[in-house]
Structure formats: C-alpha cells, structure tokens
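Visitor: Dropping the structure in here first, questions after.
The values are calculated or read from the model by the stated rules, or taken from the named source; none is laboratory data. Every value quoted in this text rests on a predicted model; they were computed, and no experiment measured them. Methodologically, a virtual Cβ is constructed for each residue, glycine included, from the backbone with ideal geometry; neighbour enumeration extends over all protein chains shown.
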Amino acid sequence: MRQQYSKPIKEVRSFRRNGRLLSAFTRIFAKVDAPKHVVTPDGEPFVLAANHRSFFDFIIAWKVLTELGLTCHCLIRADLFEKPIIGGWLKRNGCIAASKSTREEAENRAVALLGDGYSVAVMPEGRLVPEADRPEGVGQGRPGISRIATSANVCVLPVGLTGTESVWPMGKPFPLFAIPRPTVKIRFGDPIKFNSDDHIANVGIVMDEIKSLL
C-alpha cells in the first residue's frame, strides 16, 4: 500500500513547477544521491529539519521534495522577501518570512499551517554555517523548531545534506561549474516525536540525528 503524504500546500502547482525547473538547473552543477522513497508520518503534517551549509541546500531540497511528491511551506530569511524578483517568487511558493524581529509571527504562522494539515520546512541552525563553526558536521541548533513542533503536536523529519558547499561555497554569488560534477547527498531520518517541552534538549536531539545522517 502506498504511503499517504501530508496535504499538498495551496501553492502546490507553483511549488512543483519550480521544483522541476530546479531539478534541471541542478543537473548542470551536481550529481545527486537521494532516496526514491521516504518515511513520513502517514497522512499527517510534519516539520522537515535540514542542516544548512550552502545556498544550494535550498535548491537540492526543493528538487528532491518535488520528486518524492512532497510539498511544504519553507521558513526563509525575511530580508529576501524584500528583493525585487526573488521576494515575489518566494511568496508565490508559500514560503514564510522569518527573522529575529518576526520570529514569533513566523512561528505562529508555521503552527497554524501545520494545524491545517500542511507540512513546514525549517533549517534549525538559522543561518549558513561555515566549516569552522560545524566541527562535528552541524552548527548550533535554535529552539524555534521545538516550539513549532510541540505547539502543533507534530513530528520532526530530520534531513542531512552533504556536498552542497562544494557546488556553491559560502561567499560566492553563483554555483561553481566543475567537471566532473561533485556529488550532493541528501538523507532522511526517521520521524521524531518530542516527549517534553524542553526546547533546548529537543533541538539537541534533532541536530544529533541530522549529524548521524551526514
């Protein structure tokens, strides 16, 4: 029996159309090692949590989610929504603006969407993490993901990304073209359900699981 994924977001047509475009874009710069299937809470929304070391993370995740038949509302840096072209594009694809000043608003929006049956994606480190700040593979996670997941009473699906920094290093305005193309890997862990409201401990669990996927 085929697994029933969570409800597609309202912007599903745009999300999937752009996912296909990003898939074609990705093939220019990288080979992708990704699973063909992923275990999610059957028919229920969840919070997807991935590490963040390159702008290419976003591209790869969108491509793979589209190919898996999944959609979600992504929390993205709020300042990008003010950019002339990309801001409108993010809004049309159901993304949520998040920053220190809009943290509560963004988290409440994510909880409301989860309550309506839509999944949400978060990068718990909250920033691009340079290699020096991730000696064990991941940086310090922030407790917002725990506040969102516990408030909505949903699971967290951990995701580990490796190789993206070789394609689009920090500080570079565009991805790098190389022959042979570097391989980017994406791995999904098992859903995690928090048993307490200790947000610091909960985000530690998530980051440890992401670390094990790298």
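Visitor: For the range 51-87, how many residues meet the condition of being of a type in the set (Gly, Ala, Ser) and either assigned to a strand (DSSP E or B) or within 24 Å of ASP208 (Cβ to Cβ) (or both)?
Guide: The number of residues fulfilling the criteria is 2.
Visitor: In the range 1-39, what count of residues is obtained for those that are assigned to a helix (DSSP H, G or I), closer than 16 Å to GLY69 by Cβ and touching a residue at least 40 places away in the same chain (Cβ under 8 Å)?
Guide: So the answer is 9.
Visitor: Of all residues in the range 123-155 being part of a loop (DSSP other than H, G, I, E, B) and of a type in the set (A, V, I, L, M), which is farthest from ARG53 (Cα to Cα)?
Guide: VAL154
The rows are residues; the columns are (1) surrounded by 19 or more Cβ atoms within 10 Å (Cβ to Cβ); (2) at pLDDT 95 or above.
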site	(1), (2)
LYS31	no, yes
LYS36	no, no
GLY43	no, no
PHE46	yes, yes
ALA50	yes, yes
LYS63	yes, yes
CYS72	yes, yes
GLY94	yes, yes
ALA106	yes, yes
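Yes or no, residue by residue, for (1) surrounded by fewer than 16 Cβ atoms within 10 Å (Cβ to Cβ); (2) under 19 Å from the mean Cα position of the chain (by Cα):
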| position | (1), (2) |
| --- | --- |
| GLY141 | no, yes |
| ALA149 | no, yes |
| CYS155 | no, yes |
| VAL159 | no, yes |
| THR164 | no, yes |
| PHE177 | yes, no |
| ARG181 | no, no |
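Visitor: Here is a follow-up. State all residues of the range 11-28 that are touching a helix residue (DSSP H, G or I) at 6+ places or on another chain (Cβ under 6 Å) and either of a type in the set (Ser, Thr, Tyr) or farther than 18 Å from PHE55 by Cβ (or both); if no residue qualifies, say none.
Guide: Answer for the range 11-28, where residues must be touching a helix residue (DSSP H, G or I) at 6+ places or on another chain (Cβ under 6 Å) and either of a type in the set (Ser, Thr, Tyr) or farther than 18 Å from PHE55 by Cβ (or both): SER14, ARG16, SER23, THR26.
Visitor: Sticking with this one: Those residues that are more than 11 Å from the chain's Cα centre (by Cα) and among the aromatic types (Phe, Trp, Tyr), I need them from the range 59-83; list them, please.
Guide: PHE81
Visitor: Name every residue in the range 1-29 that is loosely packed, with under 14 Cβ neighbours inside 10 Å and closer than 16 Å to PHE188 by Cα, in order of residue number.
Guide: Answer for the range 1-29, where residues must be loosely packed, with under 14 Cβ neighbours inside 10 Å and closer than 16 Å to PHE188 by Cα: just GLN3.
Visitor: Restricting to the range 22-48, what's the tally of residues that are touching a strand residue (DSSP E or B) at 6+ places or on another chain (Cβ under 9 Å), over 16 Å from ILE9 (Cα atoms) and of a type in the set (Gly, Ala, Ser)?
Guide: Number of matching residues: 3.
Each row is one residue, and each column tells you yes or no for (1) closer than 30 Å to ARG181 by Cβ; (2) touching a helix residue (DSSP H, G or I) at 6+ places or on another chain (Cβ under 9 Å); (3) among the basic types (Lys, Arg).
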site	(1), (2), (3)
LEU65	yes, yes, no
HIS73	no, yes, no
ARG77	yes, no, yes
GLU107	no, yes, no
VAL120	no, yes, no
ARG147	no, yes, yes
PRO158	yes, yes, no
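Visitor: Keeping to the range 175-200, report how many residues are in contact (Cβ under 8 Å) with a residue 40 or more places away in the chain, under 26 Å from GLU107 (Cα atoms) and outside any loop (DSSP other than H, G, I, E, B).
Guide: The total comes to 5.
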